[in-house]
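Below: one structure, written as structure tokens.
The values are calculated or read from the model by the stated rules, or taken from the named source; none is laboratory data. Being a predicted model, the structure only gives us computed values, none of them experimental. Note that we place each Cβ from the backbone using ideal geometry, even for glycine, and neighbour counts take in every protein chain shown. Side chains included, ligands, DNA and RNA excluded: accessible areas come from the protein's heavy atoms. Shrake-Rupley method; radii C 1.70, N 1.55, O 1.52, S 1.80 Å.
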Amino acid sequence: MRRAAELVWAAIDADGAGPPRQVLGLGIDLAADKARNLLPDAIPVDGPVPVGDEPAGLLRSAEQLLRRVTAPGAGTALDRLRARVADLVWEANTGVGG
């Protein structure tokens, strides 16, 4: 998710994109922070490491990886994070954020 946010912010800097894309970048940053705070480093995540230079694709990968994660005590918060990342995928794909 961090890489997706970096790419969105770089596009904003390059294009001078307006508030909708800034909201997308902020949303990705907040979701990445939530994931970092919610999921301990020791949680194994099986699956490919997301790579690429397209925010929507990176977010889709993050969404798929989050479906595989189980974190003791994270239940509802993890479900909300998954839903938020799914929303961000939609925003990135539809151009709502840009």
Hey, in the GNM for the chain with a 10 angstrom Cα cutoff, which one of Leu81, Leu59, Leu39 fluctuates hardest?
Leu39
Once label points are set 7 Å from the Cα along Cα→Cβ at both Val23 and Val51, what is their separation, rounded to one decimal in nm?
3.5 nm
Net charge near Leu58, counting Lys/Arg +1 and Asp/Glu -1 over other residues with Cβ under 14 Å of its Cβ?
-3
Quick one, could you list the DSSP H helices from the chain stretching 18 Å or more along their long axis (Cα atoms) with average Kyte-Doolittle hydropathy of 0.0 or above?
2-15
Among Pro50, Pro72, Pro19, which one shows the biggest mean-square fluctuation in a GNM of the chain, springs joining Cα atoms closer than 10 Å?
Pro72
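Provide the net charge surrounding Ile28, with neighbours chosen by a C-beta distance below 14 Å and charges set as Lys +1, Arg +1, Asp -1, Glu -1. Walk me through the numbers on the way to the answer.
Working: positive: Arg2, Arg3, Arg21, Lys34, Arg36, Arg60, Arg84; negative: Glu6, Asp29, Asp33, Glu54, Glu63, Asp87, Glu91.
So the surrounding residues net to 0.
Counting Lys and Arg as +1 and Asp and Glu as -1, what is the net charge of the other residues whose Cβ lies under 13 Å from the Cβ of Arg3? If you can, show how the numbers build up before the last one.
Numbers: positive: Arg2, Arg60; negative: Glu6, Asp29, Asp53, Glu54.
Value of the local net charge: -2.
When the accessible area of the chain is computed with all protein chains present and a 1.4 Å probe, what percentage of it is carbon and sulfur?
Details: 3150 of 5800 Å².
The value for the chain is 54 percent carbon and sulfur by accessible area.
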Contact order relative to length for the chain, counting C-alpha pairs under 8 Å separated by 6 or more residues, stands in percent at 38 percent
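Would you calculate a helix-derived [θ] at 222 nm for the chain, using -39,500 (n - 2.57) for each DSSP H run of n ≥ 4 and dividing by the full residue count, to the nearest 500? Working shown, then result.
Details: 4 runs with 68 residues, N = 98.
For the chain, the value works out to -23500 deg cm²/dmol.
Tell me the per residue accessible area of the chain using a 1.4 Å probe; a whole number in Å² is fine. The partial results should precede the final answer.
On the way: 5800 Å² over 98 residues.
On a per-residue basis, the chain sits at 59 Å².
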